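Shown next, in structure tokens, is the structure this report addresses.
The values are calculated or read from the model by the stated rules, or taken from the named source; none is laboratory data. These figures come from a predicted structure and were not determined experimentally. Because the Cβ atoms are built from the backbone with ideal geometry, glycine has one as well, and the counts that use them run over all protein chains shown. Calculation scope for accessible area: heavy atoms of the full protein, side chains included, ligands and nucleic acids excluded. Shrake-Rupley method; radii C 1.70, N 1.55, O 1.52, S 1.80 Å.
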Amino acid sequence: MANAPGVSFVNEEDKSHLLAQAYGLRALYYYTLLKTWGGVPIILEPIADVDPASLSKARSSKEEVMAQIKADIETSLSTFGSANNFWEGNRNFWSKAATLALKGDVYIWSGNLMGGGASDFEAAKTALQQVASFGLALAPNISDLWGVGNEGNSEFIFAIQYKQDEASNFYNSLTGRSTEINPTFNDNGSSMGDFVIAGANRYGQSEKTILLLDDNEDSRKDATFIRLYVDDNGGLGYPTYNETAYFGSVFNKFLGQVVGSERIFENDVPVYRYADVILLLAEAKNLLGEDPSGEINQIRERAYGENYVPLIHAYTNGSQTENANAILDERYKEFIGEGKRWWDLRRAGDSYVFDNVSFLNPGDEFKLVLPITTDMIGRNPLLEQTPGYN
């Protein structure tokens, strides 16, 4: 940002595209900081002076941070101009579509949690409605999204890249070791004896999640987890959850690929995909008092595919609270393991957090953002602790 404007490019449009990416990514970073800690220091210039006395910087207010995020979003959009392409055709680079998806997300947050109200919801709606014009669409089947070979799909907007010998993601922690998994059977009654894995069972789905996806007509059930049982139930398997025989689950979205005798966890992980945009648009519409059922049903229709029966599966517009809960449930099922659930509850409002997180209650509002460490304060004495943690 500081130096590129003074550098001559063979193609000046490349310079603009790279700068627009940088502003969009800075907005994403500060939005993540804002959601996590509230007010944070805003640093917009490279550090040229290494004098420790001049490096300390106080936290700006959350309102000032949000204003900076919105300013960077607008700078990103104006700098992209008419460049609607993905850099080198690769969804691992930021793009104008990603800035618009971020804008929708940010403006719903600021409208609902920071007093922006209807004008922010309208801005979010307008931004989100533009994203489809970039050639983005829902993949025909939910399974078309997952697997290393599917990373160039039409639904991913921005994804973090992982490749063998560069970086591996953490999703092996939602699997297990072969010595644990090979003796088990999946819910179809098939042996897992040949399943190649060398993971860790640090995390698993809760019973709430199991029951939420216990619907054989919803393709997200099998696309999200491989359910493991201690026996094959006489060859019949376990079409529905059986607590007594249930052993555990292998997370199926980001299982990487088998190379030789080893499984490499090198799936790209989406930060934004088009299903996210559709359901954010449902949120914006609902907050404006409009009907979000069309967006909810787009996601349901893809999930159920040939099993989709409108009289059974379609959502019908209800009260604003009913709609909000329907959107949250749909996002829960759609984005398991993609790092969305906590932010979805937060964006919906404190009451939705308290309704869904058993260890948080009214009066715990300060816990919705994190404290900072004493080490951070030691290195930056101008920092003040997050309110509520003093």
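Of note:
- Across the stretch 351-369, the number of residues qualifying as part of a loop (DSSP other than H, G, I, E, B) and surrounded by 12 or more Cβ atoms within 10 Å (Cβ to Cβ) comes to 4.
- Pair list, Cβ < 6 Å and 6+ apart or interchain, from the stretch 374-390 residues that are under 19 Å from I43 (Cβ atoms) to residues that are of a type in the set (G, A, S) and at pLDDT 95 or above: L382/A58
- Helices (runs of 4 or more DSSP H) wholly inside the stretch 58-135 containing at least 1 residues that are more than 30 Å from R379 (Cβ to Cβ), in contact with a strand residue (DSSP E or B) (Cβ under 6 Å, 6 or more places away or on another chain) and not polar (S, T, N, Q): 96-113
- Restricting attention to the stretch 235-292, the residues being without any contact (Cβ under 8 Å) to a residue 40 or more places away in the chain, part of a loop (DSSP other than H, G, I, E, B) and in contact with a helix residue (DSSP H, G or I) (Cβ under 9 Å, 6 or more places away or on another chain) number 8.
- Any hit, the stretch 133-140, residues being within 20 Å of E330 (Cα to Cα), loosely packed, with under 15 Cβ neighbours inside 10 Å and out of contact with any Lys or Arg (no Cβ under 7 Å at 6 or more places or on another chain): yes
- In the stretch 207-224, the residues that are outside any helix (DSSP H, G or I), in contact (Cβ under 8 Å) with a residue 24 or more places away in the chain, open to solvent by 10 Å² or more (accessible area, probe 1.4 Å) and over 16 Å from P140 (Cα atoms): D214, N216
- Given (1) modelled with pLDDT of 95 or more; (2) open to solvent by 20 Å² or more (accessible area, probe 1.4 Å); (3) over 30 Å from G39 (Cβ atoms), index of the condition F156 fails: (2)
- Test: residue in the stretch 75-93 that is free of Cβ contacts under 8 Å to residues at least 60 places away in the same chain, under 13 Å from V277 (Cα atoms) and open to solvent by less than 30 Å² (accessible area, probe 1.4 Å): no
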